[in-house]
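One structure below.
The values are calculated or read from the model by the stated rules, or taken from the named source; none is laboratory data. Because the structure is predicted, anything quoted here is derived from the model rather than measured. Don't worry about glycine lacking a Cβ; one is built from the backbone with ideal geometry, like all the others, and counts go over all protein chains shown.
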Amino acid sequence: MVKGLYTAHFAMINEQHRMDTLTNNLANVSTTGYKKEGATSQTFADALAVKLQDSSEWYLSRRMGNMQPGVKIGENYTDWSEGGFRGTENTFDLALSDSGFFEIEFTDKAGNTSVKYTRDGSFTLTLDGTLVTKDGDYVLDTNGNHITIDPTKPTTIDRQGNITQGDNPQILATVGVTDFERNPEGTDYYYLEKYGENMWQTIEGATEIPSNAQIYSGYLEQSNVETVQEMVNMIAINRQYEINQKVVQTMDDTLQKAVNDLGKL
């Protein structure tokens, strides 16, 4: 009987985790360059059950053997498919046509700087002509330097990211774009982790490779979240949660009868 409670309990936790992931996707449906996330599940056939919140064990998790009371939260994953382009007619709005990331010099609250990576190309010029993100972080060129141009002159950015100005165009800088090795299936970046709202950072083992992406000036890549599909998933998750909630209620009623009625015999 208690095993049934464990099964429903873990299922509800798993559905709550899936719902949290899904609602975060919906909250970022309008975020430039956002990549939606998904959540996986594991059965306890693959992972042994863990004894939880037992004061006799000093609240330490302990394996229970080969019991299989339901589902276990797996890993979150990122869908790296490209979002559609939206025209803005702003020269410094940039979108990547293939896999790759813009390189950003990020400064944290403590004043420490590091290189982060993003698909959000909504850039702008400061008064002194430095190319920055909407949060004020510097956009880097192919040599890892800040990009500074004359803010009073018309500017052109070609598909290779070359920035030119004036009637006699000369390349003043090239927007830095890089990519990283993926897993053998080519579906995920194993050595990138999310940082902040819409950036990624490398972890040990990351290997940079050239990007084949072309840069489209005057466009922004939209989120790849499909609102209708996410709403359908939300309804399915909500129903699964309600079903397991009813299982808990049924088990509770059955245990109550076992204690109060059968105990009198």
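Structural remarks
- Inside the range 153-168, residues that are assigned to a loop (DSSP other than H, G, I, E, B) and either farther than 18 Å from residue 119 by Cα or among the small types (Gly, Ala, Ser) (or both) make up a count of 6.
- Selection status of residue 103, of a type outside the set (S, T, N, Q) and either in the same structural domain as residue 35 (by TED's automatic domain parsing) or within 21 Å of residue 206 (Cα to Cα) (or both): yes
- For the range 25-44, filtered to residues that are in contact with an Asp or Glu (Cβ under 7 Å, 6 or more places away or on another chain) and in a helix (DSSP H, G or I), the residue that is surrounded by the fewest Cβ atoms within 10 Å (Cβ to Cβ) is 26.
- Residue in the range 154-164 that is over 28 Å from residue 84 (Cα atoms) and loosely packed, with under 12 Cβ neighbours inside 10 Å present: no
- Within the range 169-228, the only residue that satisfies the criterion of being assigned to a strand (DSSP E or B), acidic (Asp, Glu) and under 15 Å from the mean Cα position of the chain (by Cα) is 193.
- Those residues of the range 136-152 which are closer than 20 Å to residue 178 by Cβ and part of a loop (DSSP other than H, G, I, E, B), in sequence order: 137, 142, 143, 144, 145, 147
- Checking 260, 212 one by one, the residue that is out of contact with any Leu (no Cβ under 8 Å at 6 or more places or on another chain), assigned by TED's automatic domain parsing to the domain that holds residue 114 and among the polar types (S, T, N, Q) is 212 and no other.
- Assessment of the range 220-238 against the conditions (closer than 21 Å to residue 7 by Cα, assigned by TED's automatic domain parsing to the domain that holds residue 37, in contact (Cβ under 8 Å) with a residue 12 or more places away in the chain and not aromatic (Phe, Trp, Tyr)) yields at least one matching residue.
- Failed condition for residue 249, given (1) within 18 Å of the chain's Cα centre (by Cα); (2) surrounded by fewer than 17 Cβ atoms within 10 Å (Cβ to Cβ): (1)
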